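One structure below.
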Amino acid sequence: FLETAVYFCMKPKMGEKEVSPHSFFSIWHEFSSDFKDFWKKENKLILQERVKEAEEVCRQKKGKSLYNIRPKHDSGIVSRIYNNT
């Protein structure tokens with residue numbers, strides 16, 4: 001524990017000889033909870049952007065026809081009947 005406190009440059013509070021676990025972990029708890037909140041918000045924003053991109057791709061694909069419509073040729077039996085009269 002003391003090596004970890006030294007690594008993070010923790011100094012003891014006034015009147016204490018060493019860094020207490022309570023003071024170290026109270027700061028660590030605040031940091032980790034803030035980090036978790038920001039992490040969730042950032043992930044939510046990324047998810048919203050990806051959903052918008054997917055919806056845009058879907059709209060573009062729906063705009064394109066999945067099949068081609070060819071013009072009707074006048075070679076059928078009905079066209080012969082109407083053209084001969």
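Here are some notes:
- Residue that is touching an Asp or Glu at 6+ places or on another chain (Cβ under 9 Å) and modelled with pLDDT of 80 or more, where the choices are Ser32, Ser23: Ser23
- Test for Glu18: is it of a type in the set (D, E, K, R), modelled with pLDDT under 85 and open to solvent by 100 Å² or more (accessible area, probe 1.4 Å): yes
The values are calculated or read from the model by the stated rules, or taken from the named source; none is laboratory data. Computed from a prediction, not measured in an experiment: that's the story for all the values here. Counting neighbours? That spans all protein chains shown, and the Cβs are built from the backbone with ideal geometry, glycine included. The accessibility values were calculated without ligands, DNA or RNA, using every heavy atom of the protein model including side chains. Shrake-Rupley method; radii C 1.70, N 1.55, O 1.52, S 1.80 Å.
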